[in-house]
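S.K.: Below is the structure I would like to discuss, written out as structure tokens.
Each value in this text was obtained by applying a stated rule to the coordinates, not by laboratory testing. In this text the structure is predicted, and so the values were computed from the model without any measurement. Here the Cβ positions follow ideal geometry from the backbone for every residue, glycine too, while neighbour counts run over all protein chains shown.
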Amino acid sequence: MTRKEFIKMCGLLGIGLPLQSTFSSCKKDSTSSDPGKVLIIGAGAAGLSAAYLLNQRGIEFQILEASDVYGGRMRTNTDFANFPIPLGAEWLHVERGVFDEIVNDSSVQVEVETTPYDMEVDYGLFEGAQISVEDVGFTIDQKFINATWFDFFEQYILPSVKDKITYEKVIETIDYSGEQIAVSTNDEQFTADRVIVTVPVKILQNEVINFIPALPEDKVDAIKNVTVWDGCKAFIEFSEKFYPTFVAFDIQPESAGQKLYYDAAYGQNTSQNVLGLFAVGSGTLPYVTLPDTELIDYMLTELDEIFDGKASSSYVKHLFQNWNAEPFTNGAYVYDNENWRRVRTLGESVGAKLYFAGDAYTTGDDWSSVHTAARSAIRAVSELVK
Ligand SMILES: Cc1cc2nc3c(=O)[nH]c(=O)nc-3n(C[C@H](O)[C@H](O)[C@H](O)COP(=O)(O)OP(=O)(O)OC[C@H]3O[C@@H](n4cnc5c(N)ncnc54)[C@H](O)[C@@H]3O)c2cc1C
């Protein structure tokens, strides 16, 4: 069964998705044991969420991050427009209650503005015909207003964990053969009692990290065989707004990828017209293979064909983000049709020493996303403190 089928089946059976596992308390409860020192590999949504929860419970931890910034695939550009541009994660794909779930502290009031689409007014285009927002696949999805997922993390999660992030530590070896776990870069070693691995699964697929002993066979098999989509985004500013909320494209087979132009300025307090391009899997072609000069010509030509030359005549500037070329990401995320059991295996812990959190390491019951990454961290930490 694919994850897509599994999610659909859960919907038909009325099973709430994803499974809620919020920590009920910031304090240690009597049933939890002290796990000792925890090392978290990666400072994206999952790593930061895990750190935040450990901090709430007074557990010692350190985050080792390969790059020189936190946030991972929530990266945001603040120079391109007068509102933040989300280069990776953009939409909130579940109810707003997930903010409280991640913050896990009833004394904190989350003040992040989001807007749903107006199903009556907004529409999309597909091969020249008008389609509804629902047809495009957006139902409960919301846009952040003059903010991004990154800003949410920066405001609510980061303050209590940022001093524990050590940057530019590219982890190459995790040796969990002894009582203490040794985590190494090419020239430095860190030790811990438990490790939470949150690097993108493509990083494990590319064997950047050597596990000693090797991970269990079923996990190795899942890592090797999981399909990770390529991914890119582009943002183009125009002097006039000639496009609707969405412009959808037919990618065949459906499981091969997705491609969508969309109004990136939707709901923002701005007069700038910015069109976004979201592309994953085969939808990223040919964008990720073109040099920048040809890239913009290609995008303008395909938009001109749909909008009678209005794209070229009102082009101002553009911005491109190729996630395949990011050294610590190497792609977008696990594809929507991945086998549900394989995804579940990715999320399983190993020997009460290694825990996995991140959009790929889940219980298989939701798409790759920020909220999934954060929820997987909730799951990993609750397993770790058991
Ligand atoms: C184009 C695109 C569009 C998206 N749109 C949305 C959206 O609209 N809504 C949504 O909810 N989600 C969206 N997502 C998915 C979302 O961005 C991810 O699911 C989520 O951010 C993943 O968080 P993570 O913590 O699991 O991984 P990451 O954010 O990738 O964090 C992993 C961290 O590990 C670090 N790392 C890697 N290798 C090493 C190493 N060897 N040693 C140490 N550190 C290492 C990386 O530098 C990184 O900081 C999108 C993703 C892409 C690519």
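S.K.: Using amide H atoms built in the peptide plane, which far-off residues or other-chain residues are under 5 Å from Glu338 H to H?
M.R.: Answer set, sorted by chain and number: Arg3, Lys4.
S.K.: For the range 216-350, just say rounded, prolate or oblate: build the C-alpha gyration tensor, square-root its eigenvalues into a ≥ b ≥ c, call rounded for a/c under 1.5, and beyond that prolate if a/b exceeds b/c, oblate if not.
M.R.: Prolate.
S.K.: Could you work out how far the C-alpha centroid of the range 228-260 sits from that of the range 284-363, in angstrom?
M.R.: 11 Å
S.K.: Output wanted: per-residue J couplings in Hz (rounded whole) for the range 35-41, from phi through Karplus 6.51 cos²θ - 1.76 cosθ + 1.60, θ = phi - 60°, x for Gly and Pro.
M.R.: In residue order, the calculated couplings are x, x, 7, 10, 9, 10, 9 Hz.
S.K.: Right, next: Given the chain, what percent of its DSSP beta bridges are antiparallel, to the nearest 5?
M.R.: On the way: 46 of 65 bridges.
Close to 70 percent.
S.K.: Related question: Based on the alpha carbon coordinates of the chain, what radius of gyration and maximum Cα-Cα distance (Dmax) apply, in Å?
M.R.: Just the Cα atoms of the chain yield Rg and Dmax of 21.1, 67 Å.
S.K.: Mind checking the full-extension length gain between Asn77 and Glu111? Use 0.36 nm per residue of separation minus the Cα-Cα distance, one decimal, nm. Present the calculation step by step, with values, prior to reporting the outcome.
M.R.: Details: separation 34, 0.36 × 34 = 12.24 nm, distance 2.12 nm.
Gain in length upon complete extension: 10.1 nm.
S.K.: Also, quick follow-up: Along the Cα-to-C-beta direction of Ser239, a point sits 7 Å from the Cα; which residues of the range 246-286 have their amide N less than 17 Å from that point?
M.R.: Counting only backbone N, you get 271-275.
S.K.: Over the range 95-155, calculate the relative contact order: mean separation of alpha carbon pairs under 8 Å at least 6 apart, over the residue count, as a percent.
M.R.: For the range 95-155, the relative contact order is 34 percent.
S.K.: Moving to a separate point now. Using the per-residue mean of other Cβ atoms lying within 10 Å as a proxy for protection, in what order, highest first, do the peptides 85-92, 300-307, 47-54, 108-115 fall?
M.R.: Listed from highest to lowest mean packing, they are 47-54, 85-92, 300-307, 108-115.
S.K.: Just grab the label-to-label distance for Arg96 and Ile140, each label 7 Å out from Cα along the Cβ direction, in nm (one decimal).
M.R.: 1.5 nm
S.K.: Could you pull the Cα extents of the range 293-382 along its three principal axes, largest to smallest, in whole Å?
M.R.: Result, largest extent first: 60, 25, 18 Å.
S.K.: What number, in percent, do you get for the relative contact order of the chain if the mean sequence gap of Cα pairs under 8 Å and at least 6 apart is divided by its residue count? All intermediate terms of the calculation are to be shown ahead of the outcome.
M.R.: On the way: 788 pairs, mean separation 87.7, N = 386.
Reported relative contact order: 23 percent.
S.K.: Something else: I'd like the FRET efficiency for Glu120 and Thr185, computed as 1/(1 + (r/R0)^6) with the beta carbon distance as r and R0 of 51 Å, rounded to 0.05. Kindly include the intermediate steps, with their values, before the conclusion.
M.R.: Details: r = 54 Å, r/R0 = 1.06.
The calculated FRET efficiency here is 0.40.
S.K.: While we're looking at this one, here's another question. Give me the orientation-averaged projected area of the Cα convex hull of the range 38-107, in nm², one decimal. The partial results should precede the final answer.
M.R.: On the way: hull surface 24.8 nm².
Over every viewing direction, the Cα hull of the range 38-107 projects on average to 6.2 nm².
S.K.: Still on this model: For the chain, what does -39500 (n - 2.57) per DSSP helix run (n ≥ 4), summed and divided by total residues, give at 222 nm, in deg cm²/dmol to the nearest 500?
M.R.: After summing the helix terms and dividing by the residues of the chain, the value is -7000 deg cm²/dmol.
S.K.: From the phi angles alone, apply the Karplus equation (6.51, -1.76, 1.60; θ = phi - 60°) to the range 60-67 and give each ³J(HN,Hα) in whole Hz, x where the residue is Gly or Pro.
M.R.: 5, 8, 8, 9, 10, 10, 5, 8
S.K.: How would you rank 126-134, 215-223, highest first, on the average number of other Cβ atoms within 10 Å across their residues? Mind showing how you got there, number by number?
M.R.: On the way: 126-134: 12.2, 215-223: 16.3.
Packing proxy ranking, top to bottom: 215-223, 126-134.
S.K.: Moving to a separate point now. Apply the Karplus parameterisation 6.51 cos²θ - 1.76 cosθ + 1.60, with θ equal to phi minus 60°, to every residue of the range 152-167 and state each ³J(HN,Hα) to the nearest whole Hz, in sequence, with x for glycine and proline.
M.R.: Per residue, the Karplus-derived 3J(HN,Hα) values read 4, 5, 4, 6, 9, 9, 5, x, 8, 10, 4, 6, 9, 9, 10, 8 Hz.
S.K.: Taking N as the number of residues in the range 204-252, what is its alpha-carbon radius of gyration divided by 2.2 N^0.38 Å?
M.R.: Compactness ratio reported: 2.09.
S.K.: Here is a further query. Can you tell me what the convex hull of the Cα atoms of the range 137-266 projects to on average, as an area in nm²? Numbers along the way, then the final one.
M.R.: Values: hull surface 50.4 nm².
If you wrap the Cα atoms of the range 137-266 in a convex hull and average its projections, you get 12.6 nm².
S.K.: Starting from the Cα of Gln272, step 7 Å toward the Cβ, then list every residue of the range 51-92 with an amide N under 12 Å from that point.
M.R.: Within reach of a label on Gln272: 77-86.
S.K.: Follow-up. Would you mind giving the three semi-axes, in whole Å and largest first, of the ellipsoid equivalent to the range 138-186 according to its Cα gyration tensor? Write down the numbers at each step before the final one.
M.R.: Values: eigenvalues 247, 47, 24 Å².
Ellipsoid half-lengths, sorted descending, are 35, 15, 11 Å.
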